[in-house]
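None of the figures in this text is laboratory data; all of them are computed from the coordinates on show. Just so it is clear, the structure is predicted and the values come from calculations on it, not from any experiment. Virtual Cβ from ideal backbone geometry, glycine too; neighbours counted across all protein chains shown.
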Amino acid sequence: MYKSFYINTPPGAQFIGPPAGQFHLGSSIIVASVGLLCKTFLKSCAHFHLLHPDNMHRLFHRPSHQPVITYSNHVSTLDDPTIWGAIPTTHLLQRQHMRFAMAAHDVCFNTSFRTWFFSQGQCLPVMRGGGVYQGSMNHAVQLLNEGRWVHIYPEGKVNHVSDEILHFKWGIGRLVMDSLNDTVSPWVVPIYHHGMHDVLPEHHSLPRLWKTVAIAYGQPMDFRELISAKKAEQASLDTIRAEITRQCYERLLQLQKETKHYLSLHS
């Protein structure tokens, strides 16, 4: 039986994936095939709009040591991987260029097959209620310290109820602070997407076609100066994380406003 990423969820949980060669081959195939399927859907089966593509392209032309944290709203169980269909094919075919995404343990890692599939798809299992120091969050920090890309849904759940962005959990603040060091500061990039709630509404099992989908990439944020200033004020770590989380939330609200204005002019 294929085991999950982590033996347990407390700090220090250990990665126990398959042999490296097997994992890399399977992961490359799944990341590429799913990504191409999502690209085909967005290009051929939806009315798709991509806003600020230059901000997206910057993710793939950054220095090799530069970590990236992207975050977005969460309105459908198909948000990930569908929103990655906007990424150029060249990068979809290179697993090492693609994100690691936080995914709900009780949804994506609750059977042997799902555990295998989502692990190969570069997803990290998050236990609801497990806190910001559980094994998957520790692993995400490790990946960021290696210059990788991690995506997180700070609302902490799928929001089927309304178009309002829920207030963020402060896990994103922890990722930012713990991946900052003397030489590098993570890029923090907001991504707002609109329309996925129409593609796959709650209680629907199959995606609906020809819906309007828009994806907007914000400019990278750097929190080094904020963190230095707060530490000089002797602010607590919790206070600093909370401020990082607040600013990330406000930036996504602004990107939502920009996207809705764009759609009002182009629908």
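Pairs of Cα atoms under 8 Å, at least six residues apart: use those to get the relative contact order of the chain, whole percent. Intermediate values should be presented prior to the final figure.
Details: 438 pairs, mean separation 69.1, N = 267.
Relative contact order here is 26 percent.
Please give the length that would be gained between Leu93 and Leu50 if that part of the chain were fully extended, namely 0.36 nm times their separation in residues minus their C-alpha to C-alpha distance (nm, one decimal). Can you show the working numbers first?
Numbers: separation 43, 0.36 × 43 = 15.48 nm, distance 2.00 nm.
Once the chain is fully extended between Leu93 and Leu50, it gains 13.5 nm.
Any idea what the alpha-carbon Rg over 2.2 N^0.38 Å comes to for the range 23-156? Don't jump to the answer; show the numbers that get you there.
Working: Rg = 14.6 Å, N = 134, 2.2 N^0.38 = 14.1 Å.
Here the Cα radius of gyration is 1.03 times the empirical estimate.
Normalised by the number of residues in the range 110-267, what is the relative contact order in percent for Cα pairs under 8 Å and 6+ residues apart?
Answer for the range 110-267 is 21 percent.
Calculated from DSSP H runs of 4 or more alone, at -39500 (n - 2.57) each and per residue, what is the 222 nm mean residue ellipticity of the chain, nearest 500? Please report the intermediate quantities before stating the final value.
On the way: 11 runs with 115 residues, N = 267.
Dividing the helical sum by the residues of the chain leaves -13000 deg cm²/dmol.
What length, rounded to one decimal in nm, is gained on full extension from Arg128 through to Arg224, with 0.36 nm per residue of separation minus their alpha-carbon distance?
Values: separation 96, 0.36 × 96 = 34.56 nm, distance 2.91 nm.
Once the chain is fully extended between Arg128 and Arg224, it gains 31.7 nm.
Below 26 Å Cα-Cα, how many Lys pairs turn up in the chain? Only count pairs eight or more apart in sequence, or on different chains, if you could.
So the count works out to 18.
Quick one: check the C-alpha center-to-center distance for the range 69-98 versus the range 194-267, whole angstrom.
15
Toward the positive end of the charge dipole of the chain, about the Cα centre and with charges on Cβ (Lys, Arg +1; Asp, Glu -1), which of Pro186, Ile215, Leu92 goes farthest?
Leu92
Helix by helix, which DSSP H runs in the chain go 20 Å or more along their axis at the Cα atoms and have an average Kyte-Doolittle hydropathy of -0.5 or more? All intermediate terms of the calculation are to be shown ahead of the outcome.
Details: long enough: 20-44 (35 Å, 0.99); 237-266 (44 Å, -0.72).
Both cut-offs are met by 20-44.
Which of rounded, prolate, oblate describes the range 111-267, given a ≥ b ≥ c as roots of the alpha-carbon gyration tensor eigenvalues and a/c under 1.5 marking rounded, otherwise prolate only if a/b is larger than b/c?
Details: a/c = 2.05, a/b = 1.32, b/c = 1.55.
Oblate, because a/c is 1.5 or more while a/b does not exceed b/c.
Provide the descending list of Cα extents for the chain along its principal axes, expressed in whole angstroms.
52, 49, 36
What FRET efficiency would be calculated for the residue pair His203, His167, taking the C-beta separation as r and a Förster radius of 30 Å, to the nearest 0.05? If you can, show how the numbers build up before the last one.
Values: r = 25 Å, r/R0 = 0.83.
Rounded to the nearest 0.05, the efficiency is 0.75.
Report the residues of the range 130-168 in range of a label on Thr212: point 7 Å along Cα→C-beta, backbone N strictly under 16 Å from it.
Label zone hits: 163.
Please work out how much length the chain gains when fully extended from Asp238 to Lys257, using 0.36 nm per residue of separation minus the C-alpha to C-alpha distance, in nm with one decimal.
Numbers: separation 19, 0.36 × 19 = 6.84 nm, distance 2.88 nm.
Here the segment from Asp238 to Lys257 would lengthen by 4.0 nm.
As a footprinting exposure proxy, order Phe113, Phe168, Phe48, Phe60 by other Cβ within 10 Å, with the fewest listed first. Could the numbers behind the result be given before it?
Details: Phe113 9, Phe168 21, Phe48 18, Phe60 15.
Exposure proxy ranking, most exposed first: Phe113, Phe60, Phe48, Phe168.
If I take R0 = 35 Å and measure r between the Cβ atoms of Ser33 and Ser264 in this structure, what FRET efficiency does the formula 1/(1 + (r/R0)^6) give, to the nearest 0.05?
Numbers: r = 36 Å, r/R0 = 1.02.
Once the sixth-power term is evaluated, E becomes 0.45.
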